Amino acid sequence: MEADFNKAEWSFFVTALKEEARDVLWKVGSTVEPETLLKSVMQDLEELGPKPESEETRTQEEIWKQVRERLLEAAYATRPYCVKCGECCSNGSPTLSIDDMNLFESRTLKPNDVFTLRKGETVFDSRLETSVPNELERIKIRETPGEKTCIFYQKWNRECSIYDQRPEQCRIQECWAPNSVAYTRKSPLNRRRLFEAAGDIWKIIEKHEERCSYEDLSREISRLAATKGQTVENILEFLSFDHHVREFVSEKLGIGAETLDLLFGRPLKDSLKFYGLTLDERKDGTFVLRLIEDQE
Ligand code: SF4
């Protein structure tokens, strides 16, 4: 491979590889030397590395993504057990399984530590690296605003503040084997499990799901163009019901805004951005739905 490049290009690639290796080893908390890691995967890296210009179809970014993924995989293989590196904790909080219900009973988790990902809601699938509709309702631990870091991860000492009682996903997930299916077979916790025995609040949750589901919202939004905007009223009705249920439960039952996200999922209006829409309030208190590009 070296023969296809001039010396400067090759030496730059090797130096950059060493830096990447150092970085991924630090990330996963491995004590292996960067040179040792590189040696163990050099054959793979030579295949993944840049090809002569006439043969290369990938961008620089794509090449480095593939190289980095291979290095990360090799770095994890040097320590196939949890070393509390915090990498999973910084890349998305866990969703809960039925066996995690006891974490609410023991007060390890409070209602405002979690929220509901409703069925049909748009979520980011890190394996597919794209946004997809959520297939099954799930209860998820909150993340630090603007980040994907679990709220229980303490950056200052790189530790989980509930490590001994951490959710099942955190205990079972093997970061060093990203394709492991151990966790995905587990039964997810949902609102029915948590609230069905609670009487009135469960009835309100069911009514909310019936009157403004994500399936209905997506369907009406997808029909906007074909109906020349006639489905706008239906969409506004879903948004209004979602808004008023939250207000009603908050006022009548004294439930705080963050706990409402467990009862009813995140506010429906926040999901509009995934459809390229936004909701504005007029001076008279009525709402208007706009395409995001209309405002730019
Ligand atoms: S609960 Fe603890 S172990 Fe699990 S993702 Fe959050 S910080 Fe990490």
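The values are calculated or read from the model by the stated rules, or taken from the named source; none is laboratory data. What you see is a predicted model; the values in this text were computed from it and never measured. Counting neighbours? That spans all protein chains shown, and the Cβs are built from the backbone with ideal geometry, glycine included. Ligands, DNA and RNA are stripped out before the accessible areas are found, and what is left, the full protein with its side chains, is counted by its heavy atoms. Shrake-Rupley method; radii C 1.70, N 1.55, O 1.52, S 1.80 Å.
Quick rundown of the values:
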{"quantity": "Per-peptide average of other Cβ atoms within 10 Å, ordering 250-256, 134-140 highest first", "calculated": "134-140, 250-256"}
{"quantity": "Protein accessible area in segment 195-296, 1.4 Å probe - carbon and sulfur %", "calculated": "51 percent"}
{"quantity": "Relative contact order [Cα under 8 Å, 6+ residues apart], the chain, whole percent", "calculated": "16 percent"}
{"quantity": "Distance between segment 144-164 and segment 225-296 - C-alpha centres, whole angstrom", "calculated": "31 Å"}
{"quantity": "Where the chain is the region considered: accessible area per residue in Å², 1.4 Å probe", "calculated": "61 Å²"}
{"quantity": "Share, in percent, of DSSP beta bridges within segment 99-229 that are antiparallel, nearest 5", "calculated": "100 percent"}
{"quantity": "Partners for K203 among lysines (Cα-Cα distance below 18 Å; same-chain residues under 8 apart left out)", "calculated": "K119, K252"}
{"quantity": "Anchor K283: lysines whose Cα lies under 19 Å away (excluding residues fewer than 8 positions away in-chain)", "calculated": "K269"}
{"quantity": "Sites matching chymotrypsin sites (Phe, Trp or Tyr not before Pro) across segment 36-85 that sit in DSSP coil, with at most 16 neighbouring C-beta atoms within 10 Å", "calculated": "Y81"}
{"quantity": "Point-to-point label distance, D44-T144, nm (Cα→Cβ direction, 7 Å offset)", "calculated": "3.0 nm"}
{"quantity": "Sparse-neighbourhood loop sites, chymotrypsin sites (Phe, Trp or Tyr not before Pro) in segment 99-188 - DSSP loop, at most 10 other Cβ within 10 angstrom", "calculated": "W156"}
{"quantity": "Accessible surface of segment 2-77, 1.4 Å probe, proportion on carbon and sulfur as whole %", "calculated": "51 percent"}
{"quantity": "Highest-first arrangement of 278-284, 66-72, where packing means the average Cβ count within 10 Å", "calculated": "66-72, 278-284"}
{"quantity": "Spatial separation of Cα centroids for segment 9-77 and segment 201-222, in angstrom", "calculated": "47 Å"}
{"quantity": "Gain on full stretching of the segment that runs from A177 to R193 - 0.36 nm per residue minus C-alpha separation", "calculated": "2.7 nm"}
{"quantity": "With every protein chain in place, segment 87-185: carbon and sulfur % of accessible area (1.4 Å)", "calculated": "49 percent"}
